[in-house]
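These notes are about the structure you will find just below.
Laboratory data are not the source of any read-out in this text; all were calculated from the coordinates shown. Note that the structure is a prediction, hence the values are computed from the model and not measured. Ideal geometry is used to build each Cβ from the backbone, glycine not excepted, and the neighbour counts take in all protein chains shown.
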Amino acid sequence: MATHKSFYRTGIVIVASWLLAGCSWIASAGPSQTQVTNSSTGKPHITVVDVNDAVTQRVLATQKHTKFSDSFTDATEPEFIVGAGDTLEVTLWEAPPATLFAIHDPRTGLSSTQSTSFPPQMVAADGNIIIPFAGAIMAAGKSPEEIGQDIVKRLQKMANRPQVLVQVTHNATANVTIVGEVKQSMRMPLTAEGEKLLDALAAAGGVVQPVDKMTIQISRDGEVLSMAMEDVISDPSQNVPLQAGDVVTALHQPYSFTALGATGKNEEINFESKGITLAQALGRVGGIDDNRANAQGVFIFRFEAPTALEAKPAGPPIDTDTKVPVVYRIDLKDPQSFLLAQNFPINNKDVIYVANAPSTELQKFMNILYGSIFSAVNIKAL
């Protein structure tokens, strides 16, 4: 019996010495709550922020995306403007008695009037078309109606009350380019009807990926804006009118976050392009593990824009986007935190980490302690 007691004491002394050394030898899925919190004193400096309502609102404000309707709404009525490369057909009428384009009947000596259609012609690189008796007419940069009025003015003294109709038979300049994850990339001609964003996507055969994973981008005059396709469909005001030269790109961007630590499952989780909240993210990984999670140690690791932080972060920014490393901490033992989690946004490439509870580390230690003592006893018995 004394021998057994001696081995017990020896085992306790050995394992206790390991414990005093910091327990770093105990296996763990990641840092403890204390280790994460103390990371703010290391290098590079990492800001640890407790999530509250003010922090949530500040983060949401920095992530507020400009809508298509804020920049791309054109209040003017759509109007087709002719450009170099377009093909036009010009038809002219004269009132009787016609003098310039009349058809004379040699048997009766009378003249009859009918429409005269000139062969279709492409607008030249200098923007002109040629009309008999009128000469070169500037067409580029004008509507078909304006071109017709210019021709009438040129023929006013030669023809008897001329009337002119100008039609675009081939539109080569007023187009929208549609590319990306659509069934068929194409150039869609614009008409005076005023085609909108969803018209362009429909003309290209629609998108080939799930709508909730799609982002739509519009490029116009050097400005580029993107929105989740779900938001465009659900909000009619985002289905903006298109203009000549617009480029519409359908992007398949599967956003994701990674769940680690004491969560229901550790893996990378995809989410919709319109975004999700922390509450939704935790729900998709099965919540936190009741048996080992520290509900006060739920962390979100990300690179954040400095404007989202109340205080200026210490140290220089790490990446070229001037973003700084931030760890957001939320205490799920506080009932109010569940309301905050419903609004706190999760970003693409975020890491959600749940630390182990101190009791979990204690249980690991006790298992090792008992295992060491009993192993020593068994060896002595042999």
Calculated FRET value between residue 274 and residue 133, using beta carbons and R₀ = 41 Å, to 0.05
0.10
Among all the aspartates and glutamates, which ones have a C-alpha under 12 Å from residue 323's C-alpha, if same-chain residues fewer than 8 places away are not counted?
304
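Computed FRET efficiency, Cβ-Cβ of residue 115 and residue 185, R0 35 Å: what is it to the nearest 0.05?
0.30
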Total charge of the residues flanking residue 187 in space, meaning their Cβ is under 13 Å from its Cβ, with Lys and Arg +1 and Asp and Glu -1, is -2
Pairs from 183/274; 67/142; 274/333; 153/196; 64/213 whose Cα-Cα separation, in the structure shown, is over 24 Å
67/142; 274/333; 153/196
FRET efficiency for residue 307 and residue 169 from the Cβ-Cβ distance with R0 = 51 Å, rounded to 0.05, comes out at 0.45
In nm, spacing of pseudo-spin labels at residue 124 and residue 84 (7 Å Cα→C-beta vector):
1.2
